[in-house]
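Accompanying notes for the structure given below.
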């Protein structure tokens with residue numbers, strides 16, 4: 001299977017360039033003259049309908065009939081489709097060490113394979129489903145939520161014939177198949193099938209750049225550093241015609257979003273989505289242009305933007321903004337080839353503490369039933385430590401499903417370090433990520449997974465919800 | 001005549017301003033005043049040669065400051081970015097700096113793992129010195145470069161405890177491509193061959209005294225790509241470059257930095273033949289820069305620092321603010337901090353977030369050269385269309401017919417609207433400059 005992929009492979013950069021070129025196909029035309037939504041003090045519902053209504057005019061003469069367009073807007077605004085649930089994907093970048101996240105304290109091989117890295121038993125937190133395993137002390141927040149039945153643990157999730165390249169393996173997870181040639185993300189294909197042509201917030205990358213799992217072929221998606229930070233003015237520089245200029249940015253974008261040149265088209269699509277996103281995020285802009293997110297709970301104080309982004313996400317969800325799939329990168333560095341202990345502990349602690357705050361925030365705002373968080377990494381790490389007090393690339397990793405509606409407990413067994421390692425000394429998977437995706441699509445988003453995950457019928461579906 | 005291998009197509013139509021401008025953007029950081037006409041006059045071959053065989057480095061314009069003081073690239077946060085951006089803006093050797101940027105992406109090393117700006121700048125000089133030289137020299141220099149030894153754990157890779165990090169990436173990302181021509185066993189054997197490098201940790205000062213120590217090297221027999229021997233790090237490099245999968249990976253990856261569509265079969269074969277002879281980079285780059293696909297094919301999105309440097313070159317402005325590193329970070333590219341060892345994702349430079357970063361870059365670049373909006377400029381034309389030309393000429397760029405229609409319309413509508421703020425033509429020209437600098441046209445070349 002792998003040989004077939006490698007024989008005719010162009011460089012990864014080129015693959016990605018092609019994917020971007022294709023991601024523009026089928027975007028609806030947007031007509032010039034998009035107005036800046038006027039007025040402040042609109043109520044939430046009024047904003048959504050009013051705000052989307054003002055933007056609606058600009059799509060009037062495009063490929064869509066007015067009726068179809070009304071329908072799409074109404075769906076997004078009324079927020080009443082079966083998929084008024086939100087799926088949040090959180091990526092532990094670099095291959096997080098599954099044998100540390102939940103460490104097999106009770107496995108006799110653990111201290112043999114990890115003479116220097118093994119965590120002391122006294123530091124771990126008990127894990128009810130498998131007495132061999134203990135939670136990493138930095139994951140106290142997730143352990144607490146797990147006790148409440150709000151975290152499902154996947155102790156060994158992966159796929160057969162694991163690839164140990166960061167880029168290949170994360171590509172598989174991002175596209176939802178062990179396929180080099182897929183050019184759209186698995187969440188992106190969900191949006192292409194079930195999303196609307198005019199709502200960039202339906203696929204939101206809360207990051208500096210777009211997460212590839214959200215890459216679509218047809219419908220728009222967006223990228224945002226933080227929801228309360230999307231102004232286009234600098235305090236020290238004043239453009240007298242700024243509103244007219246912003247409207248023209250959108251017009252230029254719309255014009256080029258039909259261009260035959262892929263780069264020009266992509267730039268045009270982005271420019272036209274900027275104005276759309278600005279209008280959607282208007283509730284975060286005060287009259288003076290300043291804006292803040294007010295959270296009912298405390299988030300960890302950190303230089304890293306992750307807790308701030310989660311706080312913003314909770315606020316957006318409480319406002320009823322039409323989000324469906326969201327992707328973020330967790331803080332921390334998980335490619336721990338050397339001096340693993342401290343690096344891993346820091347990243348895990350900020351990630352776990354922030355996720356705990358996020359769950360409490362959603363509960364306080366009364367929207368916790370709408371949100372499911374999926375935490376994943378491209379692989380786990382080698383069972384045997386290397387000589388640099390680190391670990392090299394491995395196979396099966398740890399995943400988490402978090403939310404008020406998840407089934408809790410454990411999904412798949414921990415395979416153990418005696419019979420559970422492959423011939424290269426890496427953990428074998430006991431659940432397949434494609435089965436998890438298919439189950440998320442079917443059970444959480446109410447979608448037909450066979451339209452989205454290649455070969456979906458061949459993967460067992462775990463039960464994910466209560 | 002430039003040396004090209006048989007079968008490599010060369011662009012043969014007229015080499016005018018449009019072609020010269022595209023070449024300057026793809027092989028550098030866009031034109032400074034007069035560059036387009038000068039290059040067009042040289043013809044394609046002469047223009048390419050002027051880039052691949054430039055005169056000695058000369059930096060023109062005011063030296064960089066952070067707004068108050070001279071920059072401190074080895075020490076101050078963000079000043080590493082300012083230092084390199086300044087070179088991109090002021091250099092007379094744009095292709096050399098652009099190649100250094102390509103190697104920075106190719107052998108992507110981040111200061112998040114190195115934590116010493118001085119070592120990052122030392123590596124940067126290596127990329128500049130080997131910009132158009134031999135891949136063999138470059139790979140060997142990178143393999144034992146201090147920043148790389150820290151970044152991919154070369155200093156932790158020892159006889160007693162091999163660390164696979166560099167051995168894997170040197171094949172997957174630097175020379176062969178994922179799963180091309182190597183196995184997991186080769187990864188482990190490469191790690192053994194690469195052992196022997198170490199450094200001394202000075203408390204408070206980080207790693208220093210990078211050196212090879214035979215006692216740390218694994219002297220045993222290794223089997224790599226089916227060949228056996230008591231290989232060392234130099235053998236590792238040699239074996240990667242002589243792997244039959246290397247030339248195709250190399251030429252296609254290099255090509256992708258200049259041309260957004262893959263080379264056709266004949267071109268690919270020609271480039272491989274050209275490269276395989278002696279692993280020299282310059283002839284391959286010269287062939288790509290002369291290829292008709294560069295001039296007749298689709299546009300390429302400018303990387304954020306290329307965009308920023310280009311605006312500063314066009315406006316004749318130097319580095320006089322520490323904001324540039326922050327704004328380029330917003331735009332998606334902080335130099336010396338690529339997102340991971342795979343480098344930046346060149347397909348996704350533009351999105352709703354990075355667009356905002358570029359918007360601010362344009363605002364800041366154009367601010368000090370704005371025409372006074374109260375007193376105006378009596379030489380400005382009155383006709384809306386001519387104001388559009390004026391703004392485009394100022395940015396040393398041209399605009400597509402699609403944008404032209406809309407910008408003409410904008411200028412016409414904006415003139416009466418601008419009157420209540422001051423001198424209308426000045427305000428409209430300043431607005432048009434911002435619009436052109438952030439148009440889909442200008443984000444691509």
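Read the figures in this text as sums done on the coordinates, not as results from a lab. Not measured: the values here are computed from a predicted model. Positions of Cβ are generated from backbone atoms using ideal geometry, with glycine treated the same way; all protein chains shown enter the neighbour counts.
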**Candidates B:423, B:408, B:430 - the one that is within 13 Å of another protein chain (Cβ to nearest Cβ), farther than 25 Å from residue A:274 by Cβ and either in contact (Cβ under 8 Å) with a residue 40 or more places away in the chain or in contact with a helix residue (DSSP H, G or I) (Cβ under 7 Å, 6 or more places away or on another chain) (or both)** = B:423
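Would you say residue A:310 is under 20 Å from residue A:207 (Cα atoms), surrounded by 24 or more Cβ atoms within 10 Å (Cβ to Cβ) and touching a strand residue (DSSP E or B) at 6+ places or on another chain (Cβ under 7 Å)? Steps first, answer last, please.
Numbers: under 20 Å from residue A:207 (Cα atoms): yes; surrounded by 24 or more Cβ atoms within 10 Å (Cβ to Cβ): yes; touching a strand residue (DSSP E or B) at 6+ places or on another chain (Cβ under 7 Å): no.
Taking the combined requirement at face value, the residue does not satisfy it.
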**Asked** If we scan the range A:231-249, do we find a residue that is crowded, with 24+ Cβ neighbours inside 10 Å, touching a helix residue (DSSP H, G or I) at 6+ places or on another chain (Cβ under 9 Å) and in contact (Cβ under 8 Å) with a residue 60 or more places away in the chain?
**Response** no
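Among the helices (runs of 4 or more DSSP H) contained in the range A:186-303, which hold 3 or more residues that are at the interface with chain B (Cβ under 10 Å from one of its Cβ atoms)?
Counting at least 3 such residues, we get A:242-256, A:262-280.
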**Tally of residues being assigned to a helix (DSSP H, G or I), out of contact with any strand residue (DSSP E or B) (no Cβ under 8 Å at 6 or more places or on another chain) and in contact (Cβ under 8 Å) with a residue 60 or more places away in the chain across the range B:147-158** = 1
**Asked** Out of all the residues in the range B:159-180, is one or more assigned to a helix (DSSP H, G or I), more than 30 Å from residue B:282 (Cβ to Cβ) and in contact with a strand residue (DSSP E or B) (Cβ under 6 Å, 6 or more places away or on another chain)?
**Response** no
**Request:** Check whether at least one residue in the range A:162-182 is outside any strand (DSSP E or B) and farther than 27 Å from residue A:87 by Cβ, and report yes or no.
**Result:** yes
**Prompt:** Which of the residues that make up the range A:441-466 are farther than 23 Å from residue A:181 by Cα and touching a residue at least 40 places away in the same chain (Cβ under 8 Å)?
**Reply:** A:444, A:445, A:446, A:447, A:462, A:463, A:464, A:465, A:466
**Prompt:** Taking the range B:42-75 as the search range and keeping residues that are closer than 21 Å to residue B:116 by Cα and free of Cβ contacts under 8 Å to residues at least 24 places away in the same chain, which one is surrounded by the most Cβ atoms within 10 Å (Cβ to Cβ)?
**Reply:** B:72
**Message:** When you check residue A:155 against the structure, is it crowded, with 24+ Cβ neighbours inside 10 Å, within 16 Å of residue A:381 (Cβ to Cβ), touching a residue at least 24 places away in the same chain (Cβ under 8 Å) and within 12 Å of chain B (Cβ to nearest Cβ), yes or no?
**Reply:** no
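A quick yes/no check of all residues on (1) more than 10 Å from chain A (Cβ to nearest Cβ); (2) surrounded by 19 or more Cβ atoms within 10 Å (Cβ to Cβ); (3) within 23 Å of residue B:148 (Cα to Cα); (4) within 21 Å of the chain's Cα centre (by Cα):
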site	(1), (2), (3), (4)
B:236	yes, yes, yes, no
B:252	no, yes, no, yes
B:265	yes, no, no, no
B:303	yes, yes, no, yes
B:317	yes, yes, no, yes
B:322	yes, yes, no, yes
B:328	yes, yes, no, yes
B:335	yes, yes, yes, yes
B:348	no, yes, no, yes
**Asked** If we scan the range A:436-448, do we find a residue that is surrounded by 24 or more Cβ atoms within 10 Å (Cβ to Cβ) and part of a loop (DSSP other than H, G, I, E, B)?
**Response** no
**Message:** Which count do you get for residues in the range B:223-263 that are in contact (Cβ under 8 Å) with a residue 24 or more places away in the chain, closer than 16 Å to residue B:291 by Cα and assigned to a loop (DSSP other than H, G, I, E, B)?
**Reply:** 4
